[in-house]
Amino acid sequence: MADRPILYSFRRCPYAIRARLALAAAGLEPGRDLELREVNLKAKPPELLEASAKGTVPVLMLPCEGMQESRVIDQSLAVMRWALERHDPGDLLRQADTPGHAAQRALIEALIASNDGPFKHHLDRFKYAGRNPGADPEEHRAAALTILREWNARWPQLGDRPSLADLALLPFVRQFRLADPPGFDSAEGFMAVQAWLGRFLTSPELAEVMAAPWASRAAWRSPRWLYHLALAPEWRAARSEGVYRRSSRGLSLEEVGFIHASHCHQLEATHQRFYADAADVLLLTIDPRRLAAADIAVVEEPAPGSGELFPHIQGPLPLAAVLAWEPFPA
Ligand SMILES: N[C@@H](CCC(=O)N[C@@H](CS)C(=O)NCC(=O)O)C(=O)O
């Protein structure tokens, strides 16, 4: 585990944007105070899935501190609160003991619930109409606009200083506008929200979190998982057939009786022994729990000659047990 928090993020994801905004508002700078890792949502890194099996971003991994175990925070709002509870110079949480703050905190909660519930529901069905067959995008656009008008009426109660609600809602309003900018700009009845979004879109705060220094991903392996080296054309064929049946280089499962695999500490040597001169080698990361769920056993057996124990997969490899594949060496 690294000594700095790691944030798994996706640049355009509104949940990840709100987390990055809060981290920045708390004075935490990527590269200095935390490592920011951009995730390809179509090929999630296995370390992200190990930290949080639901596989959504943002995920913040906190290093061990003293006697405390490392901790994973995998909800954007929880990341925001973690950051601002450490340092909140703008009192975005409205924690200062000031008249009116209790009411403002309640309003912040209500606005966030309205955003994360109904507004997000309508936003998805308007913006991604194709993914929601049967949904009428215009109906959902109208419902989202009604919510924006409600926010418009309640917003002044938060005063003229930004709050947690600004950070939590603006990335979603931005996304709603992006689906139809002229339609958003010409719609009526929520001028304060339109102006509020306009200021956000040109703000240095947004520019900063959209252009943060993204860390390149360091090689990472877990002792909990199994690894298999595959030739890219054979893996491609398996993906179209729905199952992988190669045992090792040049040998099939049927010929050997099991699929060769390695533990993380054995991987480099396996590569050297069998694949060093091969082009297009892929590393498959396999979750043994998913093999067990598919009734495929793994047996530790000695390699001929050395007697070193290796995991042998006793059947075809279901694609669903493969968490990730990537070129090897990276
Ligand atoms: N409740 C989560 C939601 C996060 C979420 O849904 N993020 C999306 C990206 S915007 C995601 O990671 N989706 C997973 C995927 O597309 O596979 C949070 O607040 O962090």
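The values are calculated or read from the model by the stated rules, or taken from the named source; none is laboratory data. These numbers come from a predicted model, not from an experiment. Heads up, the Cβs are rebuilt from the backbone with ideal geometry, glycines too, and the neighbour counts pull from every protein chain shown.
None of 106, 110, 102, 83 is within 15 Å of the ligand (Cβ to nearest atom) and part of a helix (DSSP H, G or I) except 83. Of the candidates 45, 5, 58, the single residue that is within 16 Å of the ligand (Cβ to nearest atom), under 22 Å from residue 88 (Cβ atoms) and within 13 Å of the chain's Cα centre (by Cα) is 58. Residues that are away from the ligand (no atom under 16 Å from the Cβ) and of a type in the set (Val, Ile, Thr) occur at least once in region 88-99.
When restricted to residues that are free of Cβ contacts under 8 Å to residues at least 24 places away in the same chain and either under 20 Å from residue 44 (Cβ atoms) or hydrophobic (A, V, I, L, M, F, W, C) (or both), region 294-320 contains 3.
Hey, does region 87-96 have a residue that's part of a helix (DSSP H, G or I) and within 30 Å of residue 47 (Cα to Cα)? No, region 87-96 contains no residue that is part of a helix (DSSP H, G or I) and within 30 Å of residue 47 (Cα to Cα).
This table checks each residue for (1) buried (at least 21 other Cβ atoms within 10 Å of the Cβ); (2) small (Gly, Ala, Ser).
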site	(1), (2)
9	yes, yes
16	yes, yes
26	no, yes
39	yes, no
50	no, no
54	no, no
74	no, no
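Go through region 145-160 and report how many residues are of a type outside the set (D, E, K, R), in contact (Cβ under 8 Å) with a residue 40 or more places away in the chain and in a helix (DSSP H, G or I). Give the steps one after another, and end with the answer.
Of region 145-160, the ones of a type outside the set (D, E, K, R) are 145-148, 151-153, 155-159.
Filter once more, keeping what is in contact (Cβ under 8 Å) with a residue 40 or more places away in the chain: 145, 148, 151-152, 155, 157-159.
Okay, now just the ones that are also in a helix (DSSP H, G or I), so 145, 148, 151-152, 155, 157-158.
Qualifying residue count for the region: 7.
Just one of the numbered conditions (1) in contact with a strand residue (DSSP E or B) (Cβ under 7 Å, 6 or more places away or on another chain); (2) assigned to a helix (DSSP H, G or I) is not true of residue 176: (1).
Scanning region 7-17 for residues being farther than 14 Å from residue 73 by Cα and either assigned to a helix (DSSP H, G or I) or β-branched (Val, Ile, Thr) (or both) gives a total of 2. As an exercise: evaluate residue 142 against (1) in a helix (DSSP H, G or I); (2) loosely packed, with under 12 Cβ neighbours inside 10 Å; (3) without any contact (Cβ under 8 Å) to a residue 24 or more places away in the chain and give the number of the one condition it does not meet. Of everything listed in (1) in a helix (DSSP H, G or I); (2) loosely packed, with under 12 Cβ neighbours inside 10 Å; (3) without any contact (Cβ under 8 Å) to a residue 24 or more places away in the chain, residue 142 misses just condition (2).
The set of residues in region 272-290 that are more than 15 Å from residue 231 (Cα to Cα) and touching a residue at least 40 places away in the same chain (Cβ under 8 Å) comprises 286, 287, 288. Scanning region 8-36 for residues that are of a type outside the set (A, V, I, L, M, F, W, C), away from the ligand (no atom under 13 Å from the Cβ) and under 16 Å from the mean Cα position of the chain (by Cα) returns a single hit, 35.
The rows are residues; the columns are (1) within 27 Å of residue 61 (Cβ to Cβ); (2) in contact with an Asp or Glu (Cβ under 7 Å, 6 or more places away or on another chain); (3) surrounded by 16 or more Cβ atoms within 10 Å (Cβ to Cβ); (4) in the same structural domain as residue 162 (by TED's automatic domain parsing).
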site	(1), (2), (3), (4)
78	yes, no, no, no
82	yes, no, yes, no
94	no, no, yes, no
106	no, no, no, yes
112	yes, no, yes, yes
119	no, no, yes, yes
123	no, no, yes, yes
126	no, no, yes, yes
131	no, no, no, yes
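Here region 242-269 is the region considered, the condition is being closer than 16 Å to residue 326 by Cα and outside any strand (DSSP E or B), and the residue that is nearest to the chain's Cα centre (by Cα) is 264. Across region 231-290, the qualifying residues are those that are farther than 17 Å from residue 219 by Cα and acidic (Asp, Glu), and the one among them that is surrounded by the most Cβ atoms within 10 Å (Cβ to Cβ) is 287.
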